[in-house]
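See below for the structure under consideration.
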Amino acid sequence: MDVKQISVFLENKPGTLNEMTRVLTEHNVDLRALSLAEASDFGIARFIVSDVLDTVNILKEAGYVSSLTSVVVAEIPDEPGALNKVLQIFTEHSINVEYMYAILGSKAGKAYMIFRVHDTMKAMGALMTNGISILDQEALAEL
């Protein structure tokens, strides 16, 4: 039920991200979510797509080094305090958030957050026990 995120290391110079997204565009890959983190010499593009295995193969054929990571995608109310409620649940269950980013969705009144945590199963269980919906890869494709 977890979601697989693709991470790609990119050289930190003009045009590198553009080149990678061009490859994805040529293969009709639809990015569902994207986060970019940078350091002085390189960046890490993290993204969610509908067809993970196809995308990893496309990237590999184009010469990109990528890795897969399990992440938790939570559907939360789009209202003040909703993210804090999720983070409070994580705190109560001693779940550390390594990083997080938002994903756009089309359901009115709903927001979607992607969390990278050490123990995805524990995090999903804690959220579901507290009434927070978890999305899988298939549900993400329908957003």
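Read-outs throughout are calculated quantities, based only on the coordinates presented, and are distinct from any laboratory measurement. From a predicted model like this one, the values you see are computed outputs, not experimental measurements. Please note: Cβ atoms are built from the backbone with ideal geometry, for glycine as well, and neighbour counts cover all protein chains shown.
A few remarks follow.
- Under the convention that each Lys and Arg Cβ holds +1 and each Asp and Glu Cβ holds -1, the size of the dipole of the chain around its Cα centre is about 200 debye.
- Helix 82-92 axis versus longest C-alpha principal axis of the chain: approximately 80°, rounded to the nearest ten.
- Selected from ALA37, ALA45, ALA111 as most flexible by GNM, with the chain as the system and alpha-carbon contacts under 10 Å: ALA37
- Rel. contact order, % - alpha carbon contacts under 8 angstrom, at least six apart, segment 72-143: 42
- Helix 52-61 and the longest principal axis of the Cα set of the chain meet at an angle near 20°.
- Segment 3-69, relative contact order [Cα under 8 Å, separation at least 6], %: 47
- With contacts taken as Cα pairs under 8 Å at a separation of at least 6 residues, the chain carries a relative contact order of 29 percent.
- Three-way shape label, segment 3-69, alpha-carbon gyration tensor, a/c 1.5: prolate
- Helix 120-129 axis, angle to the chain major axis (alpha carbon atoms, nearest 10°): 40
- The slack between HIS118 and ALA39, meaning 0.36 nm per residue of separation minus the straight C-alpha distance, is 26.2 nm.
- With a cut-off of 20 Å on the backbone N, the residues of segment 29-48 near the modelled label site 7 Å out from LEU87 along Cα-Cβ are 35-37.
- 5 angstrom amide H check on LYS110, placed H, neighbours 5+ away: ASP78
- Candidates GLY105, GLY43, GLY131: whichever shows maximal mean-square fluctuation once the chain is modelled as a Gaussian network with Cα springs under 10 Å: GLY131
- Remark: segment 3-69 carries a charge dipole of roughly 160 debye about the Cα centre, counting +1 on each Lys and Arg Cβ and -1 on each Asp and Glu Cβ.
- Of LYS13/LYS60; LYS85/LYS107; LYS60/LYS122, those spanning more than 22 Å from alpha-carbon to alpha-carbon: LYS60/LYS122
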